[in-house]
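Some notes on the structure that comes next.
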Amino acid sequence: MEKLVIASDNAGKIKEISKILSGKYEVISMSQAGFKGEIEETGETFYENALIKAKTVSDALGMAALADDSGLCVEALGGAPSIYSARYSGVHGNDAANRELLLKNLQGKTNRKAEFRCAVVLYRPDGSVVSGVGTTKGCITEKECGLNGFGYDCLFFSYDLNKPFGEATEDEKNSVSHRYRALCNLLEKL
């Protein structure tokens, strides 16, 4: 089975991608593959950030790398936090602070429609690029619900599942998630 380096060390993301691509690729994180650097996400879109990450890791390791960039886009907040989802509160990866700020910014708002968006990019050492996109729609709950998933999952009520991602099993979430849909879109092009 072909190894696929994921340009991430986010354990939740790696687990999700590994499960979704199970049987097709052996997924390893960038640090497992030997990449130790930092990647600055300077893009203005999910696609641009995914491309930056995939190219950086592929160039450093001399092998194909897959990256995703994804985030939560809330209608009442003009699409925020969007590409800043992981660092919405000002500290990268502080999920609890990000959720707290989101709920604070939505206080008093009746429109709680939201969607998760994802862009995935497979970058090969020869410079070729294949990409995919995916979205999943829902709304933001008034409080955290469930203990499953990561990031904003416990605040995102999935219209597809009719329950919050935080209460969904891995298989349920992976069957409708933005990342699943983006990876399926990518696989169709390979």
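State the answer as a single residue: which of S177, L61, P164 lies farthest towards the positive end of the charge dipole of the chain, with beta carbon charges of +1 for Lys and Arg and -1 for Asp and Glu, about the Cα centre.
Highest projection toward the positive end goes to P164.
Suppose all protein chains stay in the model; what accessible area per residue would a 1.4 Å probe give for the chain, in Å²? Mind dumping the intermediate values first?
Values: 9210 Å² over 190 residues.
Per residue, the chain has 48 Å² of solvent-accessible surface.
Assuming a ≥ b ≥ c are the square roots of the Cα gyration tensor eigenvalues, decide whether the chain counts as rounded (a/c under 1.5), prolate (otherwise, with a/b larger than b/c) or oblate. Numbers along the way, then the final one.
Working: a/c = 1.98, a/b = 1.61, b/c = 1.23.
Prolate, because a/c is 1.5 or more and a/b exceeds b/c.
Rounded to the nearest 500, what is the 222 nm mean residue ellipticity of the chain from helices alone, with -39500 (n - 2.57) per DSSP H run of 4+ residues and division by all residues? Each step should come with its number before you reach the end.
Values: 5 runs with 54 residues, N = 190.
-8500 deg cm²/dmol, from helical runs alone.
Any idea what the dipole of the chain comes to, in debye rounded to 20, about its Cα centre with Lys/Arg Cβ at +1 and Asp/Glu Cβ at -1?
Details: 23 positive and 26 negative charges, 49 e Å.
That gives a dipole near 240 debye.
May I ask you to give the percent of accessible area on the chain that is carbon plus sulfur, with a probe radius of 1.4 Å? Don't skip to the end; give the middle numbers.
Values: 4470 of 9210 Å².
Looking at the chain in its full context, I get 49 percent from C and S.
What ranking do 134-140, 66-72, 114-120, 39-45 get when scored by the average of other Cβ atoms within 10 Å per residue, highest first? Show your work: numbers first, answer last.
Values: 134-140: 19.7, 66-72: 26.3, 114-120: 24.0, 39-45: 13.0.
Listed from highest to lowest mean packing, they are 66-72, 114-120, 134-140, 39-45.
The values are calculated or read from the model by the stated rules, or taken from the named source; none is laboratory data. Being a predicted model, the structure only gives us computed values, none of them experimental. Please note: Cβ atoms are built from the backbone with ideal geometry, for glycine as well, and neighbour counts cover all protein chains shown. Keep in mind that these areas ignore ligands, DNA and RNA; they rest on the heavy atoms of the full protein, side chains included. Shrake-Rupley method; radii C 1.70, N 1.55, O 1.52, S 1.80 Å.
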